[in-house]
1. In whole Hz and in residue order, list the ³J(HN,Hα) couplings for the range 383-388 that follow from phi through the Karplus curve 6.51 cos²θ - 1.76 cosθ + 1.60, θ = phi - 60°; x for Gly and Pro.
2. Charges at C-beta only: +1 for Lys and Arg, -1 for Asp and Glu. How large is the resulting dipole of the range 38-184 about its Cα centre, in Debye rounded to 20?
3. Which percent, to the nearest 5, of DSSP beta bridges fully inside the range 263-420 are antiparallel?
4. Using a probe radius of 1.4 Å on heavy atoms only, what accessible surface per residue do you get for the range 88-180? Whole Å² is fine.
5. Could you tell me what percent of the DSSP beta bridges with both partners in the chain are antiparallel, to the nearest 5?
6. Over the range 241-333, give the accessible area per residue in Å² for a 1.4 Å probe, as an integer.
7. Which shape class applies to the range 24-111: rounded if a/c is under 1.5, otherwise prolate when a/b exceeds b/c and oblate if not, where a ≥ b ≥ c are the square roots of the Cα gyration tensor eigenvalues?
8. Could you give the nm distance between label points at THR403 and THR161, where each point is 7 Å from its Cα heading toward the beta carbon?
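The values are calculated or read from the model by the stated rules, or taken from the named source; none is laboratory data. All values reported here derive from a predicted model rather than from experimental measurement. As a convention, Cβ positions derive from the backbone with ideal geometry for all residues, glycine included, and neighbour counts pool all protein chains shown. Calculation scope for accessible area: heavy atoms of the full protein, side chains included, ligands and nucleic acids excluded. Shrake-Rupley method; radii C 1.70, N 1.55, O 1.52, S 1.80 Å.
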Amino acid sequence: MNLVLRGGRVLDPSSGIDRIADLVIEQGRIAAIADPGGAHEGDDLDVAGRLVTPGLVDIHAHLREPGFEYKEDIETGTLAAAAGGFTSVCCMPNTEPAIDTPAVVRQIIERAGAVGSARVFPIASLTRAMAGDRLSDIADLKAAGACAISDDAFPVQNSETMRRGMEYCAQFGMTVMTHNEDQSLTVGGAMNEGLTSTVMGLPGIPRVSEDIGAARNILLSRLTGCRLHLLHISTAVTVQLLRWAKQSGAPVTGETAPHYLTLTDEACMGFNTHAKMNPPLRTVEDAEALKVGLADGAVDVIATDHAPHARHEKEREFDQAPFGILGLETAFALVYTHLVAPGVLNLSDAIGKMTVAPARALGLPVGTLAPGAPADVSVFDLDAPWRVDASAFRSKSRNTPFTDWDLRGKPVFTIVGGRVVKP
Ligand SMILES: [Zn+2]
């Protein structure tokens, strides 16, 4: 079926297009970006006054299936994605079983095809069961459809294992995505190490643990030639390391997440477990450095690290509660309200960091409105004010620190492969 989105502001950072136009979709693909008012065959959607972009791409999410369906599953996780304007989601392998065999990769792809409201690209683990020692069969995982390789929350500590893993991934052109942490510095840590952790009497996670992890991984990328993507950067020094890596010609990209730009470790006061994540919320200086890094191009991508947890898990004592917060349903509005509106990022750069940049980091065939590309499209009402109400989330979980925040910018609907998805 053909579709014409009429009269919207079409913004595609991959091609530099930003103008009022009709977006023409034919047989599930982008056919043309045409002057408004032309004659085109197909169902009309009036999107005048709306922003029309490539569907947002989140390369860092936890969909929890298989194994932890009480937190989230592929159906609800992709509904949350659609509600947040995302049409593609890359899901992390810390499931049960882990995404470390071709069978699990295929199971997730099949399940997403059956019940998904967004495309799902599985990320497979670098080591078996993310145990940090024996490498997974990267070639088989790639052949089954894995889009990248990561041990995310279980970072490989042994540098020799990491080197061999990156050499292996480089052979197959697979990007390795790393959570950067020297865990010898973070045993028992629950939040950022600093004044607030001292006041609260909680064990800290020092920034230097992330910086050492990032530096090692960057140096191994230079040594092996393996494409590296730094997950959820939270510190000013890691932004500098990423900037240096790029200047030195290393094939390295990096992401941060909206919470590192809008919150600091003070959000943990009152033992608020909805402000507990790893890497932890840091300081104003780190948030400012991340904003500078986004604006000058050092930081390529904004991802969500959507990490659903059940209420009973987050209601434990702070040091016992699991790390992680929801992200898919608030990311766009947080970026628009707190980065674009105040002038930290222009709208095109912000959309680029949520579409074409993440797609390029992993080599995904999405994130663009170029003719011939899959018709994955997001439509936003930028003026709509709304208040975050977790009870209205499509996600199964409710663990957000943004409850009652007043935001602007609301996804109206998404289109995946030419099919309108109403979350
Ligand atoms: Zn994660």
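1. Values per residue, Gly and Pro as x: 8, 5, x, 8, 10, 5 Hz.
2. Values: 11 positive and 22 negative charges, 63 e Å.
Result for the range 38-184 is approximately 300 debye, rounded to the nearest 20.
3. 90
4. Accessible area per residue, the range 88-180: 37 Å².
5. Around 50 percent of the beta bridges assigned by DSSP in the chain are antiparallel ones.
6. In whole numbers, the range 241-333 has 34 Å² accessible per residue.
7. Prolate is the answer for the range 24-111, as a/c is 1.5 or above and a/b outweighs b/c.
8. The modelled label-to-label distance comes out at 3.8 nm.
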